[in-house]
Amino acid sequence: MRPNCSIAYLVLAHANPAQLQRLLKRLESDEAAFYIHVDDKADLAAFKRATEGISSVYFCEPRVKVTWAAFSVVEATLRLLEAALHREAGSCNRFVLLSGADYPIASNQEISRFFARHPKREFIRGFAIRDAGRRQLWRIRGRHFRELAPRYSWLRPPLFAVESGLRLFPRRLPSETVFVCGSQWWALTRACAEFCLNFARTDRDLVSLFKTTFAPDEMFFHTIVHNSRFAREADIPEPFVDDVVRSGSLRFYANLHYLPNTWICTREDARAALNGSPRQLFARKFSSDRSYSAMDFIDESLDYRARHDRAPRRAHS
């Protein structure tokens with residue numbers, strides 16, 4: 001236990017150790033601890049080398065081979081949560097899920113103040129799937145086996161054919177459960193995180209159902225929270241936005257992230273992120289080789305704000 005830690009950052013990474021290094025250096029503070037899951041298909045040693053010298057970094061092992069839109073993303077997140085709750089027993093009161101391609105658009109002081117103002121708030125928005133139309137409902141009524149075929153694999157077309165054939169046998173969903181879908185990237189209180197982990201490790205029916213849903217990382221934790229007492233501290237399920245279908249993005253249900261449709265590469269991209277909602281503390285996606293100008297501009301802006309303790313947040317010229 002480290003008495004100064006109040007935020008545990010849970011980071012899912014699969015590529016670009018240099019980007020992870022820059023993310024962690026920007027967030028490093030006495031109040032932060034970092035739990036990293038590196039996709040088992042990637043070289044763990046490269047990530048460990050990149051994060052040498054950064055305090056309170058813990059790598060999750062054993063690792064999971066992560067497949068896009070499959071339950072392995074949820075399992076990797078659960079392992080991160082399990083490791084953080086075990087090591088930070090009693091010392092962390094906020095658990096924040098990030099990607100290795102993220103970057104903060106608020107200073108550490110601003111992030112700490114934000115969570116201090118919302119000590120019981122669960123940041124896990126979403127929409128009720130049953131009310132969102134047939135296409136969204138099929139994510140859970142259909143049977144999806146994305147774990148068997150990595151993204152862009154030649155195995156995908158025959159797998160899609162099998163999944164399409166199984167549409168003749170839709171599964172029946174428990175009527176008492178509110179299924180919720182939203183942005184993967186959430187921030188939960190300690191009590192809620194403990195509840196989610198315990199529920200996931202003990203409710204075999206829920207895990208079995210979600211193992212064959214499409215992109216369960218966007219539904220699993222949301223459904224647990226919104227069917228628990230912690231739903232009172234979260235935003236109620238919102239109306240479905242049709243543009244989710246057109247854009248393929250859940251940015252309309254972002255929690256604390258700025259989620260554009262493109263990579264954040266230029267100073268103009270960075271300025272747009274910094275001038276967003278005060279509730280947006282992080283942004284994605286960034287890459288160490290294409291986003292350095294954007295991250296340099298963000299660093300300059302955050303350092304400027306820290307020196308002048310400016311509020312509300314706006315990017316300086």
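What follows is calculated from the coordinates using simple rules that are stated; it is not laboratory data. Small disclaimer: the values here were computed from a predicted structure and weren't measured. Cβ sites come from the backbone with ideal geometry, for glycine too, and all protein chains shown count toward neighbours.
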- prompt: If you count, for each residue, the other Cβ atoms within 10 Å and average over each peptide, how do 128-135, 263-270, 278-285 line up from highest to lowest?
  reply: 278-285, 263-270, 128-135
- prompt: Taking square-rooted eigenvalues a ≥ b ≥ c of the alpha carbon gyration tensor, is the stretch 209-317 rounded, prolate or oblate, where a/c under 1.5 means rounded and, failing that, a/b exceeding b/c means prolate?
  reply: prolate
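Looking at the chain, send over the antiparallel percent of its DSSP beta bridges, to the nearest 5.
If we restrict to bridges inside the chain, about 30 percent are antiparallel.
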query: For the cross-link pairs LYS25/LYS211; LYS65/LYS285; LYS41/LYS285; LYS48/LYS120, which exceed 27 Å when the distance is taken from alpha carbon to alpha carbon?
result: LYS25/LYS211; LYS48/LYS120
task: Enter the Cα centre distance for the pair the stretch 141-200 and the stretch 214-266, rounded to the nearest angstrom.
output: 14
task: Hey, can you grab everything whose amide H is under 5 Å from the amide H of VAL11? Only 5+ residues off in sequence or another chain; H modelled, so Pro and N-termini drop out.
output: TYR35, ILE36, HIS37, LEU98
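Which order, highest average first, do 34-47, 150-163, 215-228, 288-301 follow once you tally other Cβ atoms within 10 Å for each residue and take the mean per peptide? Don't jump to the answer; show the numbers that get you there.
Values: 34-47: 19.3, 150-163: 12.1, 215-228: 23.5, 288-301: 17.8.
Final packing ranking: 215-228, 34-47, 288-301, 150-163.
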message: I need the peptides 98-109, 175-186 ranked by packing, meaning the mean over residues of other C-beta atoms within 10 angstrom, with the highest value on top.
response: 98-109, 175-186
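Pull out a ≥ b ≥ c, the square roots of the eigenvalues of the alpha-carbon gyration tensor of the stretch 205-256, then state rounded if a/c is under 1.5, prolate if not and a/b is larger than b/c, and oblate in the remaining case.
Numbers: a/c = 2.46, a/b = 1.16, b/c = 2.13.
Verdict is oblate for the stretch 205-256.
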Amide H partners (placed H, <5 Å) of VAL66, local residues excluded: ASP40, LYS41
Karplus 3J(HN,Hα) series, Hz, for the stretch 245-251 with 6.51 cos²θ - 1.76 cosθ + 1.60 (x for Gly, Pro): 5, 5, 8, x, 10, 9, 5
query: Taking θ as phi - 60°, what are the ³J(HN,Hα) couplings along the stretch 141-152 by the Karplus curve (6.51, -1.76, 1.60), each to the nearest whole Hz, with x for Gly and Pro?
result: 7, x, 10, 10, 10, 5, 4, 7, 9, x, 4, 6
Charge-dipole axis of the chain as Lys and Arg at +1 and Asp and Glu at -1 on Cβ define it, positive-most pick from HIS144, HIS118, PHE282: HIS144
task: Enumerate the amide H contacts of ALA234 below 5 Å, restricted to partners 5 or more residues apart or on another chain; note that Pro and chain-start residues carry no placed amide H.
output: GLU122
field: Backbone HN-Hα couplings from phi across the stretch 156-167 [Karplus 6.51/-1.76/1.60, Hz, Gly and Pro as x]
entry: 4, x, x, 5, 4, 5, 5, 4, 5, x, 6, 4
- prompt: Lys/Arg Cβ at +1, Asp/Glu Cβ at -1, dipole of the stretch 29-77 taken about the Cα centre: which of ALA50, ALA69, SER29 is farthest positive-ward?
  reply: ALA69
